[in-house]
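Here's the structure we're looking at; comments come further down.
The values are calculated or read from the model by the stated rules, or taken from the named source; none is laboratory data. Small disclaimer: the values here were computed from a predicted structure and weren't measured. Cβ placement follows ideal geometry from the backbone for every residue including glycine, while neighbour counts extend to all protein chains displayed. Surface areas here come from the heavy atoms of the whole protein model, side chains and all, with no ligands, DNA or RNA. Shrake-Rupley method; radii C 1.70, N 1.55, O 1.52, S 1.80 Å.
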Amino acid sequence: MKRLTWVLAAALMLGACATSKPSEVARAPSPTGAVSEEEFKAMHTLRTDAAPARKGQEVTLSDGSKAYLSLPENATGPLPGIIVIHEWWGLNEHVQHWTDRLAAEGYAALAVDLYHGKVATNSTEALALVKAVDDAQASKTVLAAHAFLKGDPRIQAPRTGSIGWCFGGGWSLETAMLVPELSAAVLYYGHPVTDPEKLSTIKAQVLGIFGTKDKSIPQETVRAFEKALEEAGVRSRIVEYDADHAFANPSGPRYDERAAASAWAETSAFLARTLKR
């Protein structure tokens, strides 16, 4: 596994149902990682501009939750599928737009809603929603999303992946632990799991994207995650940028345009290699 610190000035930024019971969620003990709640809230801002018009549709998953589905224009199945997991703000219009971007690259993209219809309007609300997530129910939702991508006649995904940012990044990794059929998992600065035994259920390839200035996920934690992946035998790639937490969010003060472009170039190539082969 190699760590990269280079940046590119290209590309766009992306803004199975298992028969066994969902595994015990094994994420960081605190949703804010190594910083206080106030420090973590200060790392995030909420976009106030309107998102572009959405192209997808609302669907209902087998667990009763709603999700946002976006399909490539004029495409028919089988299609590679991606579970999209929102930031701590919830499934808002901007996440739906990111989902449309993935669909434009040829994927059946399904954005789940782990907040069950609630969307935060400020960082205090967002933190409260994160804390209120029922891990067992959220696990059922991502399992239902995977089943949808595999079984929906418009999709019939031969390969599936997951992607998420911050809160959603941690859940993208959790999805890989929950769904052995998953082929790829991308986590943007999501809290990592550092126990090799818990990571050993992963069969997917993992792409972890982190910022070296991110105080909520210190570099020693990233190193421990990298080591745990190696010990668990997980095929993985860790990419680091000289950037802060939420560096891929263009609405925030920590946005780094070059790092964000490079990270999306990495993500796009990784997903194409693992899901379109």
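Odds and ends about this structure:
- Heavy-atom surface of segment 202-264, accessible at 1.4 Å and reported per residue (Å²): 39
- For the peptides 178-186, 100-108, the ranking by packing is 178-186, 100-108, with the highest mean count of neighbouring Cβ atoms within 10 Å listed first.
- DSSP-defined beta bridges in the chain - what % are antiparallel, rounded to 5: 20
- Rolling a 1.4 Å probe over the protein heavy atoms of the chain, with every protein chain left in place, gives an accessible area that is 50 percent carbon and sulfur.
- Applying a threshold of 18 Å to the alpha-carbon distances of Lys131/Lys213; Lys41/Lys227; Lys66/Lys140; Lys66/Lys118; Lys150/Lys198 flags Lys131/Lys213; Lys41/Lys227; Lys150/Lys198 as lying beyond it.
- In terms of its C-alpha gyration tensor, segment 109-225 has an oblate overall shape, because the principal axis ratio a/c (a ≥ b ≥ c, square roots of the eigenvalues) is not below 1.5 and a/b does not outweigh b/c.
- FRET efficiency, 1/(1 + (r/R0)^6) with R0 35 Å, evaluated for Lys203 and Ala50 via beta carbons: 0.30
- Taking label points 7 Å from Cα along the Cα-to-Cβ direction, Ala75 and Lys227 give a separation of 4.0 nm.
- Convex hull per residue volume in Å³, alpha carbons only, for the chain: 114
- The phi torsions of segment 113-127, fed into the Karplus equation with coefficients 6.51, -1.76 and 1.60 and a -60° offset, translate into couplings of 10, 7, 9, 6, x, 8, 10, 6, 10, 8, 5, 5, 5, 4, 5 Hz, rounded to whole numbers, with Gly and Pro shown as x.
- Residues whose amide H comes within less than 5 Å of that of Ser162, counting only those at least five positions distant or on another chain, are Ile83, Ala184, Ala185, Val186 (H built at 1.01 Å from N in the peptide plane).
- Each residue of segment 184-192 is assigned a 3J(HN,Hα), and the resulting list reads 8, 9, 10, 10, 8, 5, x, 4, x Hz, derived from the Karplus form 6.51 cos²θ - 1.76 cosθ + 1.60 (θ = phi - 60°), x at Gly and Pro.
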